[in-house]
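First up is the structure itself, then whatever we jot down about it.
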Protein chains: 2
Amino acid sequence: MLTLYSFGPGANSLKPTLALYEKGLEFEHRLLNPAKFEHHSDWFKQINPRGQVPALADEGKVITESTVICEYLEDEHPTEVKLRPDNSYDTAMMRIWTKWVDEYFCWCVSTIGWHRLVGNMVKHLSDEEFEEKLKAIPIPEQRVKWRRAREGFPQEMLDEEMRKIGVSVRRLDDHLAENEWLAGGGYSLADICNFAIANGMEKAYSELVNAEDTPHLLRWIEQINERPAAKAMFAGVPREKMEPAKD
Amino acid sequence: MLTLYSFGPGANSLKPTLALYEKGLEFEHRLLNPAKFEHHSDWFKQINPRGQVPALADEGKVITESTVICEYLEDEHPTEVKLRPDNSYDTAMMRIWTKWVDEYFCWCVSTIGWHRLVGNMVKHLSDEEFEEKLKAIPIPEQRVKWRRAREGFPQEMLDEEMRKIGVSVRRLDDHLAENEWLAGGGYSLADICNFAIANGMEKAYSELVNAEDTPHLLRWIEQINERPAAKAMFAGVPREKMEPAKD
């Protein structure tokens, strides 16, 4: 039995969730609440010592890192709906896109997301309460990011991340002007991993992602949202499988 | 015919070079000289528009990104010496290690390397000559890095990168204390990609990598250096294949 631990269908958690839906694999979905710091709790750090979602448990073995989980599902279930191209060159092109999400696109969007949302999650805490929460975070860089989110990120950093978001959506739109999908002529993990970050940007970044400036990016976002797997994912995991994360 | 464009057997260029030697694949090796900015020249940017090595050309198709090239060689030549574990879980563990190199280990070592070596490469240039060189660099973040290397990186950044190098070698040594190889019980791309960065650290970072503090890391570095493929690689590409990069 597969169990996915995630924050639900958004950002990095969306990647393996959509891959599981696309492949039609049965899985139990355990949703963690980031506002309650559930990913830093002791029970979850026994599953992923780094205290990060998503994580996939497969018969007791745990796989972490969203992109690695997606490739694992392809390796382990090659005969279900295929989400990797059928030749080595196109698969390499797919991996350049998924790597780019992990090393560039995801980070700039994440910083602005933290600036807008995460800071507010911890502003009600006293300094002592906040420092107590930080102690549970195993990754030093994540503790730095929480502190910055609470104090406010330096404006220079926010400007630079917004510049990178501009570069990212331009790159996607230019490529999608010439191609229906990102790699190999078909829908693949390249699309799923970029969609995980790009979906919703027409609302959150309307000055950059809109019908005039990025029509091809919008077309592609819409196209993925229309897929039966995406609709099923957003409509919600069947209630009987949506067990609360244990505490 | 395979053609590899690289800086020679060190850092990211080492990864596909060693993979090609391990698999016993014939290839032409075109060496570029970073001190002459050959990777930013127009002829090379026609091969890789991002102006980065390594790049692999396979019958006219170009694959970039060192880790992606390594996986491509596995996908395309699965029957030669295998550098990926034979099951999905261990392959996922291998990918967590190669991803970690690309997102963490390589960056901290790279910054210190630039601080120590690259700055000197451009200090003899006048401001005008330097700015002229920068114009040929397609990636904005790379231009920022060249400027910082020439001016001197902020001490705070150097301290933080040295901290991360300490974390990295501790992580490797702890894992290698319990395991002969990094993933799946056998030699794999996890070892090749980490070796690309770790080899030589006992000289460049002797305060962190030494017989007392990291005996297991040293054992593993030595073990890879003793492999016939690594010896052949360091002994030099056969002269007839070592054509100078065209200009």
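What follows draws every value from the coordinates through simple rules; no lab data is involved. Because the structure is predicted, anything quoted here is derived from the model rather than measured. Quick reminder, even Gly has a Cβ in these numbers, built from the backbone with ideal geometry, and neighbours come from all protein chains shown.
Using Cα pairs closer than 8 Å and at least 6 residues apart in sequence, work out the relative contact order for chain B, in percent.
It rounds to 27 percent for chain B.
Take the Cα coordinates of the stretch B:2-82, assign each an equal point scatterer, and use the Debye formula without solvent to give log10 I(q)/I(0) at q = 0.12, 0.16, 0.22, 0.23 Å⁻¹.
The Debye formula, applied to the Cα set alone, gives -0.30, -0.53, -0.98, -1.07.
Between B:Ala136 and B:Glu222, 0.36 nm times their residue separation minus their Cα-Cα distance comes to what?
So the chain would gain 27.1 nm between B:Ala136 and B:Glu222.
When you count, for each residue, the other Cβ atoms within 10 Å and take the mean per peptide, how do B:217-227, B:83-93 rank with the highest first?
Top to bottom by mean Cβ count within 10 Å: B:83-93, B:217-227.
Would you compute, from DSSP H runs of 4+ residues alone, the mean residue ellipticity of the protein assembly as shown at 222 nm, taking -39500 (n - 2.57) per run and dividing by the full residue count, rounded to the nearest 500?
-16000 deg cm²/dmol
Antiparallel DSSP bridges in chain B: what percent, to the nearest 5?
Bridges in chain B that DSSP calls antiparallel: roughly 60 percent.
Would you mind putting B:116-128, B:38-50, A:60-72 in packing order, based on average other-beta-carbon counts within 10 Å, highest first?
My ranking of the peptides, most packed first, is A:60-72, B:38-50, B:116-128.
Need one number for the stretch B:63-156: average projected area of the convex hull over its C-alpha atoms, nm².
Taking the Cα atoms of the stretch B:63-156, their convex hull projects to 8.4 nm² on average.
To make sure I understand, if each residue's beta carbon is the centre and we count other beta carbons within 10 Å, what order do A:Thr111, A:Thr79 fall in, fewest to most?
By the 10 Å Cβ count, ascending, the order reads A:Thr79, A:Thr111.
Can you give the convex hull volume of the alpha carbon atoms of the protein assembly as shown per residue, in Å³?
Cα convex hull per residue, to the nearest whole number: 167 Å³.
Quick one: work out the % antiparallel among DSSP beta bridges in the protein assembly as shown, nearest 5.
Percent antiparallel among DSSP bridges in the protein assembly as shown is about 60.
Between the label point of B:Gly119 and that of the same position in each other copy, find the distances and list them shortest first in nm, with every label point placed 7 Å from Cα along the Cα-to-C-beta direction.
The answer, with the shortest distance listed first, is 3.3 nm.
What residue of chain A sits with its beta carbon nearest the rotation axis taking A to B, and at what distance in whole Å?
That would be A:Glu103, 3.
Taking B:Gly152 in one copy and the same position in all the others, each labelled 7 Å out along Cα→Cβ, what are the pairwise distances from the first, in nm, shortest first?
Output for B:Gly152: 3.2 nm, nearest copy listed first.
Beyond 30 Å, what share of the Cα-Cα pairs of chain B remains, rounded to the nearest whole percent?
Counting pairs separated by more than 30 Å, the tail of P(r) holds 28 percent.
Given label points at 7 Å from Cα along Cα→Cβ, what nm distances, shortest first, separate A:Trp43 from the same residue in every other copy?
List, nearest first: 6.4 nm.
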